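**Q** Dumping the structure here so I can ask a few things about it.
The values are calculated or read from the model by the stated rules, or taken from the named source; none is laboratory data. Quick caveat, the model's predicted, so the values are computed rather than measured. Positions of Cβ are backbone-derived with ideal geometry, glycine not excepted, and every protein chain shown enters the neighbour counts. What goes into the accessible areas is simple: the full protein's heavy atoms, side chains included, and nothing from ligands, DNA or RNA. Shrake-Rupley method; radii C 1.70, N 1.55, O 1.52, S 1.80 Å.
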Amino acid sequence: MSSRGGKQKKGNVTSEQEEEEQPLQAVLVADSFNRRFFPISKDQPRALLPLGNVAMIDYTLEFLTSTGVQETFVFCCWMSNKIKDHLLKSKWCRPTSPNVVHIITSDLYRSLGDVLRDVDAKNLVRNDFILVYGDVVSNIDVSQALQEHRHRRKVDKNISVMTMVFKESSPGHKSRCEEDDVIVAMDSKSKRVLHYQKTQGLKKLQFPMNIFQHGSDEFEVRHDLLDCHISICSPQVAELFTDNFDYQTRSDFVRGILVNEEILGNQIHLYVTQDGYGARVSNLQMYDSVSSDMVRRWVYPLTPEANFTDQQGQGCTHSRHNVYRGAEVSLGQGSQMEENVLIGRDTSIGANCRISNSVIGNNCTIGDNVVLDRAYMWNNVHISSNVEIHQSVVCDGAVVKEAVRLNKQCVLAYNVVIGPNLSLPEGTVVSMHHPEEEEEDDDDEFLSDDQEVGHSKDKTRQKAFNPAEVGPEGKGYIWKASMDDTEDEELAQCLWGLVLNPDPESDSESEASEESQDHSRSVSPEIDDVNAFQLEVLGTLQRGLEENIVCDNLVLEINSLKYAYNITLKEVMQILTRVVLEYPFQQQGTQLTTLQYTGSLLPLLKTWSPVFKNYIKRPQDHLDCLSAVEELFLEQDTHQTAMVKVLMKMYQLEILEEEAILKWFSTGATNDKSRQLRKNQGLQKFIKWLEEAEDESSEEGE
Amino acid sequence: MPGADKEADLTERIEAFLADLKRGGCGTGPIRGSGETARETTALLRKVTAQARWSSAGDLMEIIRKEGRRMTAAQPSETTVGNMVLRVLKIIREEYARSRGSSEETDQQESLHKLLTSGGLSEENFRQHFVHLKANVIEAINELLTELDGTTDNIAMQALEHIHSNEVIMTVGRSRTVEAFLKDAARKRKFHVIVAECAPFCQGHEMATNLSKTGIETTVIADAAIFAVMSRVNKVIIGTQTVLANGGLRAVNGTHTVALAARHHSTPLIVCAPMFKLSPQFPNEEDTFHKFVSPHEVLPFTEGEILSKVNVHCPVFDYVPPELITLFISNIGGNAPSYIYRLMSELYHPEDHDL
């Protein structure tokens, strides 16, 4: 069917390309491979969740079709049957569809990497293809990007492997997903990506020096980009994923390509657009903002009244203040639809309701005196009278009884019953699945939506619903018992994204601009690897502490990192020492008093002493370690008194030998500062003590 | 089976057209001009007539109506599509009547008495089978296509009657018809054109560029300056998206401002509108009347924080009431707004008004 390609082509795409005969292909990944939408996505895959009463995957397919894609491969994993059923019923699988959709399902996909490896194995793509997730909502015309991509590939043979589509939007924009915030350094002329880093949670950003020393004289460091998660890939991308079996996500890939640029010679480019709209619904926060953007017509022509899915009875009308009404909607007396409201067909609303910025699905019933603001109600929801809902999601079949109040960021998953007379606190998640089922499944380390449903079924022992949590007639389990349970807090953050702390972003931004300004600073290029290594070591140690990993394994891991980043043994030691000594600062902030510092450091030293011992063997190693210690305390000059304690502990733990310390003390001083350091009283005492001890031991030896 | 193949091809063509309509117009109005849309619709309907299975005029009308409903639903603001469907329906009625031998005239001149007594032409009457009907209908549609091809030229030909030397003409936005009209006049006469830029899409800029390329003295003004400049203007010549059944206009944003200013200064307002833009719609149909596009042009998406605090709208059309319009120039000559109802009954059959 793909043979009838040529008819649909868009004028500007087709210019002077001889490969044009090939139909444009796309790979659509209809699985998120994470559990952001968790209790909701337990019942319905994310791609089928309704956004503006239309399944998200339909937006993605419409986007692909309108850019002229003629063949789409939809990869499904979690609940693939549901996705398949949906697609077979939709207009995309009608014989007249200009975009031929192939559905490929497998339970074995664990990540984007697996999907692309499968693409390569099955040899599905023959030409450049568009890679998107099943939850991307966009109306960007990528034909321009496609053209640039093709042009680049023609000019220098197959060097550019990927063009990522970004939308310009300044920081603080509500449609920017903070998890996806990136900082990108790129060559202004060639649009080549030089550096790509996610900024989430980072206070400090580091740029490898070599990106500034590159041939081009103009480059940009940008933080005003919104990742649309649309990428134009060459067929090599799939091959590269096969070659590098550890690539899981696109950012792994991008990082890999950038790191290995010199070796493999592959490049990644960027396409920044100002027009159009593109965003990925990666958490509920994004769901909220994309929904409201859609209702506010930012995604035109993908508007609710356009009925682009071409389904019977889905049409609705658009009137002033962005109020959309489906067929057979009834509205009680005195009810107001203030603005940005979308109401699905056959929904009835009682009297004196106030509805604003909300989306209400099909077949819902809403009682009298209901206040809805930023409420997202899916199909067949029943809301009784006197209910108030603010910025919450209410899934299919949920029932909210009389006088219930849902505060911000509540989620009622499928078929939950709440109330009556209850106020759910902010961020409550209620689901018919018990959270404990979930915990038992937690050993699934891949964090995929993919879950063993079967085995949760045999646990039919229904636990009683807690009337204090969900109301006297309520049905459902609260997923977030209290705020002090860290895991549940994480869950809420996952669902709604990290909206609550907008500060780090602004921090990192200023940092970024600062960094970009003083790029003339002369730092050797390999600093990049060393820093990366340092971060990795820190991560490893942290994990070791949290998960109680045996020191032998830590050593093993550090050794493998050493090879990965090509670090000399000497550097390993210096970095290790540094990381350990800085660890308390890293964890508890830099405002520690010396007492607190030593208090938290000394136990750590004890825990990790086998790691040290593994690396510090030759006399030279001891000196290197000591000089690293010295260097650190020279920097942290307020804590110099702690140095003695550290050295003492290390001596006691037999990490350092006394000769080495003495030798370091007598010879190591190279400049004023270190000489100053050695005049420290505590240190002097310690050395003296050591000398005496040595004398004694030598006497004993004789 | 070649027949099935043809049908599949036909449905595919229709789907492609529908999809195009739906995506059509990312802000600056439709990608193609409405003239082209009209031609494409008619060509498609001709294809339907030629390839669909029907045995009598009634069947054919039913098929055309069905497709027509889908086409109009795809982009309600593009009334040209609906108009063309009505025209084709009218053609079928006429051809059927001719085949039966009754005069077309009787059909057209419906008196109140007739309406009351006949009870309308029942569909039964269209059941008769005629061998030549298909060929005749296709022939008539071809004539319609020829007429469509010539509309712009027909309108432009009348330019010299309306534009005189050294006049100052104001126009707003960009209209292909007006552009041709002015260019035609410029071949013989010298005059000055003031173009209102028509924010936020600023189609006026393109119009001005095109005009000045042919040597017309052109000035672009901001929309806010329309009233101030109007006192110097001799004539306002504008295009429109749709001519409504009451003689009003649905035209690009800013036209109402121009029309009011023209009325204030008693400047004549001439509307260049080909007949295919005449729609049986009345301006009270709120649902389909407006078209709101992405507010990007009004307040760019890149703005950041402010966007979550404000509501931004970007309507595309204005309604201009018929009182403000002096004259319509169509491909069949000039008409006053009050005469539109008559043209309407000539072009469309009253029973078809709602598909």
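**Q** Can you tell me which of (1) more than 25 Å from the chain's Cα centre (by Cα); (2) touching a residue at least 60 places away in the same chain (Cβ under 8 Å); (3) under 30 Å from A:P301 (Cα atoms) is the one A:I104 doesn't meet?
**A** Unmet condition: (2).
**Q** Please go through the stretch A:420-433 and pick out each residue that is part of a strand (DSSP E or B) and buried (at least 17 other Cβ atoms within 10 Å of the Cβ).
**A** Scanning the stretch A:420-433 gives A:L422, A:L424, A:V429, A:V430, A:S431.
**Q** Determine which single condition A:K84 fails, assuming it passes every other condition in (1) touching a residue at least 24 places away in the same chain (Cβ under 8 Å); (2) under 28 Å from the mean Cα position of the chain (by Cα).
**A** (1)
**Q** Name every residue in the stretch A:399-419 that is open to solvent by less than 20 Å² (accessible area, probe 1.4 Å) and either assigned to a loop (DSSP other than H, G, I, E, B) or closer than 18 Å to A:S358 by Cα (or both), in order of residue number.
**A** A:V400, A:V404, A:L406, A:C410, A:V411, A:L412, A:A413, A:V416, A:G419
**Q** Further question on the same structure: What about A:S170, is it surrounded by fewer than 20 Cβ atoms within 10 Å (Cβ to Cβ), within 14 Å of chain B (Cβ to nearest Cβ), outside any helix (DSSP H, G or I) and in contact (Cβ under 8 Å) with a residue 12 or more places away in the chain?
**A** yes
**Q** A further question follows. Please determine, by comparing only the residues of the stretch A:139-175 that are at pLDDT below 90, within 22 Å of A:D275 (Cβ to Cβ) and of a type in the set (S, T, Y), which one is farthest from the chain's Cα centre (by Cα).
**A** A:S143
**Q** Within the stretch B:291-310, restricting attention to residues that are touching a residue at least 24 places away in the same chain (Cβ under 8 Å) and β-branched (V, I, T), which residue is nearest to the other protein chains (Cβ to nearest Cβ)?
**A** Here the residue is B:V293.
**Q** Yes or no: the stretch A:628-644 includes at least one residue that is more than 40 Å from the chain's Cα centre (by Cα) and in contact (Cβ under 8 Å) with a residue 40 or more places away in the chain.
**A** Scanning the stretch A:628-644 turns up at least one residue that is more than 40 Å from the chain's Cα centre (by Cα) and in contact (Cβ under 8 Å) with a residue 40 or more places away in the chain.
**Q** Across the stretch A:127-167, what is the number of residues that are over 28 Å from A:Q200 (Cβ atoms), more than 14 Å from chain B (Cβ to nearest Cβ) and either open to solvent by 10 Å² or more (accessible area, probe 1.4 Å) or of a type in the set (V, I, T) (or both)?
**A** So the answer is 13.
**Q** Show the residue pairs meeting these rules: Cβ distance below 7 Å; 6+ apart or different chains; first residue within the stretch A:120-131 and in a helix (DSSP H, G or I); second residue surrounded by 18 or more Cβ atoms within 10 Å (Cβ to Cβ).
**A** So the pair list comes out as A:D120/A:A238; A:D120/A:F241.
**Q** May I pose another question? Return yes when A:F253 is within 14 Å of chain B (Cβ to nearest Cβ), closer than 19 Å to A:A26 by Cβ and of a type in the set (A, V, I, L, M, F, W, C) and no when it is not.
**A** no
**Q** Checking A:K606 against (1) open to solvent by less than 20 Å² (accessible area, probe 1.4 Å); (2) touching a residue at least 24 places away in the same chain (Cβ under 8 Å); (3) assigned to a helix (DSSP H, G or I): exactly one of these is not met. Which one?
**A** The one condition A:K606 does not meet is (1).
**Q** Within the bounds of the stretch B:330-347, is there any residue that is within 28 Å of B:T41 (Cβ to Cβ), within 14 Å of chain A (Cβ to nearest Cβ) and surrounded by 13 or more Cβ atoms within 10 Å (Cβ to Cβ)?
**A** no
**Q** I need a count of the residues in the stretch B:235-259 that are surrounded by fewer than 22 Cβ atoms within 10 Å (Cβ to Cβ) and farther than 19 Å from B:P315 by Cα.
**A** Here the count works out to 3.
**Q** Continuing with this model, one more query. A:D275 is checked against (1) of a type outside the set (F, W, Y); (2) in contact with a Ser or Thr (Cβ under 8 Å, 6 or more places away or on another chain); (3) within 12 Å of chain B (Cβ to nearest Cβ); (4) part of a loop (DSSP other than H, G, I, E, B) and fails just one. What number does that condition carry?
**A** A:D275 satisfies every listed condition except (2).
**Q** Same structure, new question: I'd like to verify a number: residues in the stretch A:119-166 that are among the charged types (D, E, K, R) and touching a Phe, Trp or Tyr at 6+ places or on another chain (Cβ under 7 Å), how many?
**A** Of the residues in that region, 2 qualify.
**Q** Counting only residues that are open to solvent by 10 Å² or more (accessible area, probe 1.4 Å) and of a type in the set (V, I, T), which one in the stretch A:252-272 is farthest from A:R36 (Cα to Cα)?
**A** For the stretch A:252-272, the residue satisfying everything is A:I263.
**Q** Tell me, yes or no, whether the stretch A:228-243 has at least one residue that is within 14 Å of chain B (Cβ to nearest Cβ) and not charged (D, E, K, R).
**A** Yes, that holds for at least one residue.
**Q** Moving on to the next point. For the stretch A:371-423, how many residues meet the condition of being over 19 Å from A:V329 (Cα atoms) and of a type in the set (F, W, Y)?
**A** 1
**Q** Return the residue satisfying two criteria in turn: it lies in the stretch B:264-290 and is open to solvent by less than 40 Å² (accessible area, probe 1.4 Å) and in contact with an Asp or Glu (Cβ under 9 Å, 6 or more places away or on another chain), and of such residues it is farthest from the other protein chains (Cβ to nearest Cβ).
**A** Only one residue fits best here, namely B:M275.
**Q** For the stretch A:174-222, give me each residue that is within 14 Å of chain B (Cβ to nearest Cβ), surrounded by fewer than 21 Cβ atoms within 10 Å (Cβ to Cβ) and in a loop (DSSP other than H, G, I, E, B).
**A** Hit for the stretch A:174-222 is A:K174, nothing else.
**Q** Please tell me if B:T11 is modelled with pLDDT under 85 and assigned to a helix (DSSP H, G or I).
**A** Spelling it out, B:T11 is indeed modelled with pLDDT under 85 and assigned to a helix (DSSP H, G or I).
**Q** Take the residues in the stretch A:564-593 that are open to solvent by 80 Å² or more (accessible area, probe 1.4 Å) and not charged (D, E, K, R); name whichever of them is farthest from A:V530 (Cα to Cα).
**A** A:Q591
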